[in-house]
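Reviewing the structure listed below.
The values are calculated or read from the model by the stated rules, or taken from the named source; none is laboratory data. From a predicted model like this one, the values you see are computed outputs, not experimental measurements. Because the Cβ atoms are built from the backbone with ideal geometry, glycine has one as well, and the counts that use them run over all protein chains shown.
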Amino acid sequence: MTQTLDLADIQGNILQDFVSGYPVARFLFLRISDAAQGRAFIYAYRARVTTALRWDHSDAYAGPIQAERPKVAINLGLTFRGMLALGLPTRTLASLPSEFIDGMRARAEILGGEEERAGQARWDKVWDEPVHIMIGLNALLDPATGEAVPELTQETDDLQRLCQQHKLTIMGGHGTPDSDWQDAKAILEQNKATYKPVPREHFGFIDGISNPVFEGQFGDANADAMMAVGQGKLLPVGDNVAPENRWAPLATGEFLLGHPDEAQEIPGCAQPVSLMRNGTFLVYRKLHENVGRFNAFIAKQAEGYARINGLTQDEACLILKAKLTGRWPDAVPTAVAPTVADWKAFNQKHAGEARDTPYVDFTYADDLDGVKCPITSHMRRANPRDSFDNTSSGLINRRRILRRGVPYGATTEQDSDEHGIIFLAMCASLSRQFEFIQQQWINYGLDANAGNDTCPLVGNRSGDAKFVLAVDPQSGQAPFIWSNIPKFVEMRGGEYFFLPSLTALRMIGMGTVDPT
Amino acid sequence: MSNVAGKAYGMNVLTPVPPHLTWVQRLIFMTARAIPSTLAGLLGLSLIHFARWVIIKRNQWPQGDRGKPTLKNDYVLFCSNFNGTWDQYIDAFSDGIPRGLDLFWYASFKYPHAIPITAFKNYITHNQFDTGYYYNATPGSAQRDIKAALKVFAELKSLGTRHAALDAKSFTSEYNKALARVQNCLGSPGYAPIASLDTATAEQNRRKFLGAQDRNPAPRAALRAKKSAPSPSTTTFDGGHCFLTVLLPLKTCEVVDHAGMRSSHVRLLREALAMLPTAHQSGPTEATPANSPFAESSRTHFARMAVIDDAIYNGPVPSDTLYAAARDLVRGTPDGAVIKPVDQLPSPYLLFSVDCDAGNEGELQDYLCELWERTSAELEPVLVNCCGFKERVTGPDEFATYICDHRLETTMPFNDYWTQAPPLKGLSGPMLLLAMVAAGGLWGTCLYLALNQLGIRPDWSAGGLLSGVGLAVSSIIVALYAAYLLVMMRGRRPFPEAPNSDLKSVLKALYVQRQLIQFAVAQQAPSAPDLYGAFGGFLNRVQLTNLDRPTQAPGTISGIIS
């Protein structure tokens, strides 16, 4: 059975995302110049790192409240180079996963082929030198101003002081114009005099609806089971599994090191285990969005699509956007509501519901041809659910990632403007989970029976990029095929970080990491 | 040297099996073939082009120049051509069909079971040996891509025959329906995602060693007509393909002067393999003028050559601790390591494994002769390092004989190029039961009558009871043996050939699929007469029924023979 997680030892943002409650984020990258000073910084700063202790109840959490809501929630991550600079033992460093040691820049051909390698010419300058430490500051929003609470500036100042004291450099070169940090903020809606964050990104889609759910995440088995509907793993119907009870939380070890994972073992990790336990790996990718290009392409394809199907241009745009991602712009899944009429019916049916379950509770078993949700749409590529064997998500369970991203910049039609998503993902194994999805499912089509075709939304564009909108074979219509799809998303820099537990931070800060 | 060729990974695994369990492993394989519904999980994964398991009994290793091999164990050789990464492949089996996997390695020493995964991956890593040379005739297309292309090919052939007879409006309707039926089969071919940074780097670095000379390709002969021959009784032939497994002992008794160095035949063979051009399967290899010599063959799906340096050892199987401790106590012997013998091959072997189109012995002879005719210049520098090659192979027929002399029977072949669920009929439960009852009953009756003649009757006396029990037990044994024989016999029967699964048809299908994609993209919502006319032009251009041209060239991502 599941163990209760030591919430005080696990960093925040892993079990529960920060972005929902803390819509304003600021990422700073630090460079250590002296190992002892670096360790002293870690030792001092760890008191500010937010843990997973809960400060509020929700319909998914009824457990004890054991922390106060901070004004700024903070994460601390380390790169391999950072761990090397902090003087960790050779044996520890050598036993870290090789993709983490390589770092994201070196992994370009795996993550995005030649295209990603070539795109590194446009990376922000902050990545010119190896990054050692990431500090993620996540601040509450002041609804009156639409800006972060003043504590964000306070925390930034404190950090600058501490860095100066311990001879760390805050690396500049984020974006254009050059900045000493990467600011990010949820898109805001203004209602009279108040600002409210909406979980939308710049292409206009509501994002971050579905995230994996794992054992221990919500405090007790019932809560985990409830949240696992549509988001956990899908069990095959069998002796102990009734058709309406197929969803279960994933194993903790898929997202936190030192716990049993879906392969029924505690996977090996670097030595000593106490350094890695309750930690996880973080993917940071700054993804620029070519909003103007995207809208123009959709509009152009919509003309042809509208004509063939007798639709208005607006309807055609919405349908094409829905087919491409797998969700309508307001996150209703096409697998549940494939047509505009279904979409309207869904919204009427679920109007005013508090929880997101209807948005995630579906499978693809009745849509093997991809007529409702195209097999090569973004969502279905990233999480195929039961598509592979139609009975369970068995082949997918070890390929899930937690998403914690935040948009940055303002939504404009100018592709040269600074706007996009700071994509953040967390998993226990970068190569098995994140890199696999990125290389095999986003930038390749084998498992979707689509040859080399890439994700129409975020994939590479070498060769003649195409996307097939499947139709019902009985309808007599021909499938609609997009070709020469332009590149909508460009990578502007990123790295792999390890998010240590609070115990690990102490050990690193004290300089007592010892794998003997 | 690389285990990767385009979208396929060539895995070779050798596992020791205790000789008294080999028959069990063979029975498991034959049962899987005799009751093909057991293969459903494997077929569903759609990861494998061709795979094989070969039981190598300890006396089946050919003799080299160091005397006869004396091994204690039998071995199971596993060769697979699969898609996806190494980890993905093993994950898929462990997550998807762990028990099937456990069955196929049931008898192997210290096999750790498929779950949990880490021990299993360690076992595979330990028992895997590298492919020295790997050829893939369809490097830009995974098994799923080939099946998709075959579906498109079948659909287009049907549409093609109906085109002339239909009017424009009806044709548009038929075309739309056909396209909708294959709408999820239109993935474009291309390079494989890189298996790792290291593989990509190694391939890049190899380029400058492969030389600039192009070959003078021999003129292509038309596909030789298939000779009719009796259905083969060996599982080396299956589904119209030959799963050729050959072990050639390497010369070890002499040193050789080569390129100003004193070298050995084993070194030279490895170097020759490293220098043999692969298919045009990636950016760096496409820039090399020469294609693989196997690309000259229109019947070779996959080929590999790998050096088996030695038998692979997994450590001693410990005896039961309590028994061993008790024995120590009784004998008064102290604790300590017990040295158990380690199998060793007297010389290395070259594994030469081919998945080709040959349905019987005659076609295999033909295939081997043609292979030698076209590729002797490239293969000779490799094979001359094998015992007996130089002396015996003076021409194509001698080559075929030499190869067949070193052939092993492929115990369990596997190939899935079926576009629908394959029509594999197996033994039914009732049939098996009938056979058992018949055999057991016949034996029991005969024995009873014989005993009767001798005056022995089953009754409650001691002798009678013994004869009664003997009658029952021996009847059961005979029944089981009959079942065993039936399964073994049925298992040896070759599976039917999947339509269009020969290489020429596969290449044609891949070519046609690519042409259709271009056509479909260009023809979005055309008028009926326009579509009708354009499709007529399409048919003219692609020549659906001509497998020779235009078609895709073997050993290329998307090269065309026009």
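Remarks
- Tally of residues being within 8 Å of another protein chain (Cβ to nearest Cβ) and either hydroxyl-bearing (Ser, Thr, Tyr) or not in a helix (DSSP H, G or I) (or both) across the stretch A:464-484: 14
- Scanning the stretch B:380-404 for residues that are without any contact (Cβ under 8 Å) to a residue 40 or more places away in the chain, part of a helix (DSSP H, G or I) and not polar (S, T, N, Q) gives B:Glu380, B:Lys390, B:Glu391, B:Arg392, B:Pro396, B:Asp397, B:Glu398, B:Phe399, B:Ala400, B:Tyr402.
- Residue count for the stretch B:99-120, restricted to those that are at the interface with chain A (Cβ under 10 Å from one of its Cβ atoms) and either within 19 Å of the chain's Cα centre (by Cα) or not small (Gly, Ala, Ser) (or both): 5.
- B:Leu156 being touching a residue at least 60 places away in the same chain (Cβ under 8 Å), of a type outside the set (Ser, Thr, Tyr), more than 12 Å from chain A (Cβ to nearest Cβ) and surrounded by fewer than 20 Cβ atoms within 10 Å (Cβ to Cβ): no
- Residue match in the stretch A:498-507 (condition: touching a residue at least 40 places away in the same chain (Cβ under 8 Å), crowded, with 17+ Cβ neighbours inside 10 Å, touching a helix residue (DSSP H, G or I) at 6+ places or on another chain (Cβ under 6 Å) and assigned to a loop (DSSP other than H, G, I, E, B)): no
- Whichever residue in the stretch A:157-173 is crowded, with 20+ Cβ neighbours inside 10 Å and touching a Lys or Arg at 6+ places or on another chain (Cβ under 8 Å) and, among such residues, is farthest from A:Val131 (Cα to Cα): A:Leu168
- Which listed residue, of A:Asp453, A:Asp415, A:Asp464, is crowded, with 24+ Cβ neighbours inside 10 Å, more than 21 Å from A:Ala263 (Cβ to Cβ) and more than 19 Å from the chain's Cα centre (by Cα): A:Asp453
- Inside the stretch B:253-294, residues that are over 29 Å from the mean Cα position of the chain (by Cα) and either assigned to a strand (DSSP E or B) or among the β-branched types (Val, Ile, Thr) (or both) make up a count of 8.
- Residues of the stretch A:485-501 classified as closer than 30 Å to A:Gly258 by Cα and either at the interface with chain B (Cβ under 8 Å from one of its Cβ atoms) or of a type in the set (Val, Ile, Thr) (or both), total: 0
- Of all residues in the stretch B:263-285, those that are within 14 Å of chain A (Cβ to nearest Cβ) have Cβ atoms under 6 Å from Cβ atoms of residues that are of a type outside the set (D, E, K, R) and surrounded by fewer than 23 Cβ atoms within 10 Å (Cβ to Cβ), 6 or more apart or on another chain, in B:Ser282/B:Tyr191; B:Pro284/B:Gln204.
- Exactly one residue among B:Ala509, B:Ala534 is in contact (Cβ under 8 Å) with a residue 24 or more places away in the chain, among the hydrophobic types (A, V, I, L, M, F, W, C) and part of a helix (DSSP H, G or I), and that residue is B:Ala509.
- Restricting the stretch A:428-463 to residues that are within 7 Å of chain B (Cβ to nearest Cβ) and among the charged types (D, E, K, R), the residue that is farthest from A:Phe294 (Cα to Cα): A:Arg432
- Unmet requirement for B:Gln515, which otherwise passes all of (1) modelled with pLDDT under 95; (2) part of a helix (DSSP H, G or I); (3) among the polar types (S, T, N, Q): (1)
- Odd one out for A:Asp366, checked against (1) outside any loop (DSSP other than H, G, I, E, B); (2) exposed (fewer than 15 other Cβ atoms within 10 Å of the Cβ): (1)
- The residue that is surrounded by the fewest Cβ atoms within 10 Å (Cβ to Cβ), counting only those in the stretch B:321-347 that are assigned to a loop (DSSP other than H, G, I, E, B) and β-branched (Val, Ile, Thr), is B:Ile339.
- In the stretch B:376-393 there is at least one residue that is over 29 Å from B:Val13 (Cβ atoms) and aliphatic (A, V, I, L, M).
- Matching residues, the stretch A:292-322, being more than 19 Å from A:Asp342 (Cβ to Cβ) and acidic (Asp, Glu): A:Glu303
Rundown of residues vs (1) under 23 Å from A:Asn443 (Cβ atoms); (2) modelled with pLDDT of 95 or more; (3) not hydroxyl-bearing (Ser, Thr, Tyr), yes/no style:
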{"residue": "A:Asp366", "(1), (2), (3)": "no, no, yes"}
{"residue": "A:Ser377", "(1), (2), (3)": "yes, yes, no"}
{"residue": "A:Asn390", "(1), (2), (3)": "no, no, yes"}
{"residue": "A:Ile401", "(1), (2), (3)": "yes, yes, yes"}
{"residue": "A:Phe423", "(1), (2), (3)": "yes, yes, yes"}
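- Single residue of the stretch B:121-153 satisfying the filter (among the hydrophobic types (A, V, I, L, M, F, W, C) and at the interface with chain A (Cβ under 10 Å from one of its Cβ atoms)) that is nearest to B:Leu350 (Cα to Cα): B:Ala142
- Tally, over the stretch A:369-398, of residues that are of a type in the set (D, E, K, R), away from chain B (no Cβ under 12 Å) and assigned to a loop (DSSP other than H, G, I, E, B): 3
- Hits in the stretch B:430-477 - residues which are without any contact (Cβ under 8 Å) to a residue 24 or more places away in the chain and aromatic (Phe, Trp, Tyr): B:Tyr448, B:Trp460
- Residue match in the stretch B:409-429 (condition: assigned to a helix (DSSP H, G or I) and either in contact (Cβ under 8 Å) with a residue 12 or more places away in the chain or farther than 24 Å from B:Tyr75 by Cα (or both)): yes
- Elements of type helices (runs of 4 or more DSSP H) in the stretch B:38-141, at least 3 residues being β-branched (Val, Ile, Thr): B:117-127
- Subset of the stretch B:171-207 (residues that are facing chain A (nearest Cβ under 7 Å), closer than 19 Å to A:Gln438 by Cα, of a type in the set (Gly, Ala, Ser) and out of contact with any Asp or Glu (no Cβ under 7 Å at 6 or more places or on another chain)): B:Gly190
- Qualifying residue in the stretch A:71-80 (condition: more than 14 Å from chain B (Cβ to nearest Cβ), part of a helix (DSSP H, G or I) and within 30 Å of B:Asp198 (Cα to Cα)): yes
- Among the candidates A:Gln301, A:Gln264, the residue that is within 17 Å of A:Phe205 (Cβ to Cβ), of a type outside the set (Ser, Thr, Tyr) and within 14 Å of chain B (Cβ to nearest Cβ) is uniquely A:Gln301.
- Restricting the stretch B:5-53 to residues that are within 14 Å of another protein chain (Cβ to nearest Cβ) and hydrophobic (A, V, I, L, M, F, W, C), the residue that is surrounded by the fewest Cβ atoms within 10 Å (Cβ to Cβ): B:Ala40
- Here A:Leu96 passes the criteria (1) in contact with a Phe, Trp or Tyr (Cβ under 9 Å, 6 or more places away or on another chain); (2) away from every other protein chain (no Cβ under 14 Å); (3) part of a helix (DSSP H, G or I) except the one numbered (3).
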